[in-house]
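Working notes, beginning with the structure itself.
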Ligand SMILES: Cc1ncc(C[n+]2csc(CCOP(=O)(O)OP(=O)(O)O)c2C)c(N)n1
Ligand SMILES: [Mg+2]
């Protein structure tokens, strides 16, 4: 039984019209009261909105130069690129950071989040197809593990010429697995890093794009580019180091691949 305040048995043919009448009257009274209060309410909510918005913007700049970079930085870097476009976000919103930092000013800006791993690339292609030809930049913040589940989807993008800006969120991990490994390692005092594909082939996204004949542009983190690192190889591998220097969610985040 659903929780409720009053239970009453009755004939719905009589009960529903009477209930409707009562609800309509109550709704009318509330609407009038709200109208009277609305100027003050608008000011109060507006003030709260501005304060919260400013706080989020400030928080997002904390640990700006952290490595791996933060979700908020990734969100803001992408925002800088697309904010003057007529943009659409396909699925992943970086654990709500994007919702806090981008201005979602049109109903079609974000149809919703993913439905589970291996659904993001498919959903993104569907969204991009729906917006094709409308002059919009469709952005997919694409987790690497998700793409690996359905790499063939990139072929569809090439075959049907579906324009989309794919920002690879390449943390080289199924992150929930990584978190799980850390928890288990702490519990069992084992070494972590034995799960799938953290130490395996890397930069899968970029290679896949090439393999699927999706010409694109690879942009690296500006600081790494300035330091003279060639794109295409993970920093630690270039330094000749083995394994992850630290557990981090964004280990190699922020390469931006544009598929147009
Ligand atoms: C269809 C399906 N299979 C398995 C899972 C379990 N699962 C949740 S998160 C995840 C890993 C996702 O990795 P990635 O796409 O790289 O995202 P990250 O967490 O690293 O950002 C998996 C396998 C799921 N959510 N859906
Ligand atoms: Mg991942």
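Sorted from fewest to most neighbouring beta carbons within 10 Å, what does the list 70, 20 look like? Don't skip to the answer; put the middle values down first.
Values: 70 23, 20 10.
Exposure proxy ranking, most exposed first: 20, 70.
Which of 214, 147 has the fewest other C-beta atoms within 10 Å, and how do the rest follow up to the most?
Starting with the residue having the fewest Cβ neighbours, the order is 214, 147.
With the highest mean first, a sort of the peptides 148-155, 80-87 on other beta-carbon atoms found within 10 angstrom per residue produces 148-155, 80-87. With the highest mean first, a sort of the peptides 28-35, 97-104, 160-167, 58-65 on other beta-carbon atoms found within 10 angstrom per residue produces 160-167, 97-104, 58-65, 28-35. Based on the convex hull around the alpha carbon atoms, region 19-163 presents an average projected area of 13.2 nm². In region 1-61, Rg over Rh equals 1.30, where Rg is the alpha-carbon radius of gyration and Rh the Kirkwood radius from pairwise Cα distances. Per-residue Cβ neighbour counts within 10 Å put 67, 72 in the sequence 67, 72, beginning with the fewest.
Computed from the coordinates by the stated procedures, all read-outs in this text should not be read as laboratory data. From a predicted model like this one, the values you see are computed outputs, not experimental measurements. Here the Cβ is made from the backbone with ideal geometry for all residues, glycine too, and neighbour counts use every protein chain on show.
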